[in-house]
Amino acid sequence: MSLTLKETKKLFYGKWLYKISLIIPGCGVLRTKSTEDLVYFLSELPFSFPADQHPQSLQARALKSKSDLLKINELTSHYKKQDFGKRIEGDFFDLYTNKKNIIDELEKEFKDHVRLISKPKIKNIDKLLKNEHSIFVDALPKDKYEYRVYLKPHNVSSDRKEGFLSWLESQGDRTTLSGSLIEWFRKNSMNWDRRYILVDNEKTLLMIKLHSPDAIGTVYKYEIVDK
């Protein structure tokens, strides 16, 4: 599997420096099974579920990955809960931490399953931890935009969305509002799909906050660092 290496330029979930993403078919069972439950569940599964009849099901995929699921479950059970966070979506198992040794161990143990690892530059670690709402870059996006502003359309009533979008459009290239984002903002009513606009400076950001404060989520400031 081809491994993608990325630089951590902002903290994951405002907390974590490192991320490793694994592909483990059937790992969705880890969302509901504790260490002890998983062992019993996987051992009984061949007798309770006709995997050959449903080869693409979660259960069938979990059976094929039994050894890997038991291994990842065993490893993470030995980490302190405050030392990592995880997210499981489909067959992707993502782990976040500030402990480089945890990333190194998982990379070694699951080298054939790693799809992505994100690490910060050593010189930026202290800055990242002190400035959790900063993104460290070599240059501003498009050499212009100082802020990344996440939007919360689910907080804005339908009758007020059009007014906010029209006002944003009137700001021209002070933001990066696009046609696809406009459609997303109109239709989205749930807090699950995080999207953002870029904003040129603090003055524009303040205007947006004053106009529709409930539409604004987390704001990140781009910080230029020495190469």
From the cross-link list K80/K100; K142/K221; K15/K142, the entries with a Cα-Cα span beyond 24 Å are K15/K142
tail above 31 Å in the computed P(r) of the chain, as % of all Cα-Cα pairs, reads 40 percent
So M190 and H154, fully extended at 0.36 nm per residue minus their Cα-Cα distance, gain in nm 12.4 nm
Ranking A215, Y147, W167 by how far each Cα lies towards the positive end of the charge dipole of the range 134-224 (+1 on Lys and Arg Cβ, -1 on Asp and Glu Cβ), the top one is A215
With the 8 Å Cα cutoff and a minimum separation of six or more residues, the range 134-224 has a relative contact order in percent of 58 percent
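All of the numbers you see were taken from the coordinates with simple rules; none came from a lab. On a predicted model such as this, the values are computed, not experimentally measured, just so you know. All Cβ positions, even for glycine, are placed from backbone atoms using ideal geometry, and neighbour counts span all protein chains on display.
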